[in-house]
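To start, the structure itself, in structure tokens.
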Amino acid sequence: MTIHLRAHHLLCLLTYAGKGYSPAFTAGFTAIATRIAAGEAVVMTEGPDDVCAPMLDDPACHCRGDSVVRRDAQAARDVAALLGRPVAPGQRLVLDRAVLDRMRRAFARGGIRSACAGCDWADLCRDIAADGFAATALPASQPDRLRA
């Protein structure tokens with residue numbers, strides 16, 4: 001089985017610490033983080049993904065909005081440049097410890113955060129990064145070396 005993710009959720013995973021839009025969203029995101037930690041692969045998708053699934057029945061859901069689509073494009077561009085490989089719909093990624101650490105170091109330095117501009121969670125994510133990602137669902141291998 002694989003996890004379907006939109007590009008900006010690659011960034012959200014780096015700092016996800018059990019907080020979210022609703023209890024259903026949080027439970028779903030925690031389950032996804034657990035599956036990734038266990039080595040399950042990710043397939044990039046366009047539009048709503050497995051993280052969005054608990055919110056799609058809500059008419060106020062922002063998952064299909066233009067701002068989220070722009071975040072996806074920015075995140076895909078930033079992460080692709082960092083990893084030196086495409087991050088596009090249909091691409092398969094294994095988010096192992098080495099890849100996550102590389103992404104977290106870049107995130108902590110601000111190098112892959114252009115998609116985070118204007119996000120309601122940006123301050124929380126900044127604080128989590130500044131703390132070495134210690135409280136995240138996907139634990140950091142060596143929190144001290146991941147700080148900005």
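The values are calculated or read from the model by the stated rules, or taken from the named source; none is laboratory data. Everything numeric here is computed off the predicted structure, so don't read it as measured data. Here the Cβ is made from the backbone with ideal geometry for all residues, glycine too, and neighbour counts use every protein chain on show.
Starting from the stretch 52-72, take each residue that is within 12 Å of residue 6 (Cα to Cα) and list its partners that are exposed (fewer than 15 other Cβ atoms within 10 Å of the Cβ) and among the hydrophobic types (A, V, I, L, M, F, W, C), counting only C-beta distances under 7 angstrom and pairs at least six apart or across chains.
Listed by first residue and then by second, the contacts come to 63/56.
How many residues are within 15 Å of residue 12 (Cβ to Cβ) and under 14 Å from the mean Cα position of the chain (by Cα) if we restrict to the stretch 64-81?
Residues flagged as within 15 Å of residue 12 (Cβ to Cβ) and under 14 Å from the mean Cα position of the chain (by Cα) within the stretch 64-81 amount to 8.
Looking for something over 17 Å from residue 129 (Cβ atoms) and surrounded by fewer than 21 Cβ atoms within 10 Å (Cβ to Cβ) - is there at least one such residue anywhere in the stretch 3-16? Reasoning before the result, please.
Taking the stretch 3-16 first, the residues over 17 Å from residue 129 (Cβ atoms) are 3-7.
Retained after the next criterion (residues that are surrounded by fewer than 21 Cβ atoms within 10 Å (Cβ to Cβ)): 4.
Yes - at least one qualifying residue is present in the stretch 3-16.
Look at the stretch 78-96 and say how many of its residues are acidic (Asp, Glu) and outside any helix (DSSP H, G or I).
In the first step, residues of the stretch 78-96 are kept if they are acidic (Asp, Glu); the result is 78, 96.
So of that shortlist, the ones also outside any helix (DSSP H, G or I) come out as 96.
The number of residues fulfilling the criteria is 1.
Considering only residues that are aliphatic (A, V, I, L, M) and either touching an Asp or Glu at 6+ places or on another chain (Cβ under 9 Å) or part of a helix (DSSP H, G or I) (or both), which ones fall in the stretch 44-77?
Filtering the stretch 44-77 for residues aliphatic (A, V, I, L, M) gives 44, 51, 53, 55-56, 60, 68-69, 73, 75-76.
Correct list: 53, 55, 68, 69, 73, 75, 76.
Residue 99: modelled with pLDDT of 90 or more and in contact with a strand residue (DSSP E or B) (Cβ under 8 Å, 6 or more places away or on another chain), yes or no? Spell out the reasoning first.
Working: modelled with pLDDT of 90 or more: yes; in contact with a strand residue (DSSP E or B) (Cβ under 8 Å, 6 or more places away or on another chain): yes.
Against the criterion (modelled with pLDDT of 90 or more and in contact with a strand residue (DSSP E or B) (Cβ under 8 Å, 6 or more places away or on another chain)), residue 99 qualifies.
Output the residues belonging to the stretch 114-138 that are of a type in the set (A, V, I, L, M) and either within 24 Å of residue 80 (Cα to Cα) or in contact (Cβ under 8 Å) with a residue 40 or more places away in the chain (or both).
115, 117, 122, 124, 128, 129, 130, 135, 137, 138 - these are the residues of the stretch 114-138 that are of a type in the set (A, V, I, L, M) and either within 24 Å of residue 80 (Cα to Cα) or in contact (Cβ under 8 Å) with a residue 40 or more places away in the chain (or both).
Counting just the residues of the stretch 37-59 that are of a type in the set (A, V, I, L, M, F, W, C) and modelled with pLDDT of 95 or more, which one comes out surrounded by the fewest Cβ atoms within 10 Å (Cβ to Cβ)? Talk me through it step by step, then tell me what you get.
Step one: of the stretch 37-59, the residues of a type in the set (A, V, I, L, M, F, W, C) are 37-38, 41-44, 51-53, 55-56.
Next, only the ones that are modelled with pLDDT of 95 or more stay: 42-44.
On the way: 42: 23, 43: 15, 44: 22.
Of everything passing the filter in the stretch 37-59, 43 is surrounded by the fewest Cβ atoms within 10 Å (Cβ to Cβ).
Could you list, in sequence order, all residues of the stretch 14-43 that are assigned to a loop (DSSP other than H, G, I, E, B) and either touching a Phe, Trp or Tyr at 6+ places or on another chain (Cβ under 7 Å) or in contact (Cβ under 8 Å) with a residue 60 or more places away in the chain (or both)? First the steps, then the outcome.
Taking the stretch 14-43 as the starting set, the residues that turn out to be assigned to a loop (DSSP other than H, G, I, E, B) are 16-22, 38-41.
The answer is 16, 17, 18, 19, 20.
From (1) within 13 Å of the chain's Cα centre (by Cα); (2) outside any loop (DSSP other than H, G, I, E, B); (3) under 22 Å from residue 24 (Cβ atoms), pick out the condition that doesn't hold for residue 99.
Failed condition: (3).
Residues to consider are 76, 106, 115; find the one that is surrounded by 13 or more Cβ atoms within 10 Å (Cβ to Cβ) and under 16 Å from residue 133 (Cα atoms).
On the way: 76 fails: under 16 Å from residue 133 (Cα atoms); 115 fails: under 16 Å from residue 133 (Cα atoms).
Selected residue: 106, the only one of 76, 106, 115 that is surrounded by 13 or more Cβ atoms within 10 Å (Cβ to Cβ) and under 16 Å from residue 133 (Cα atoms).
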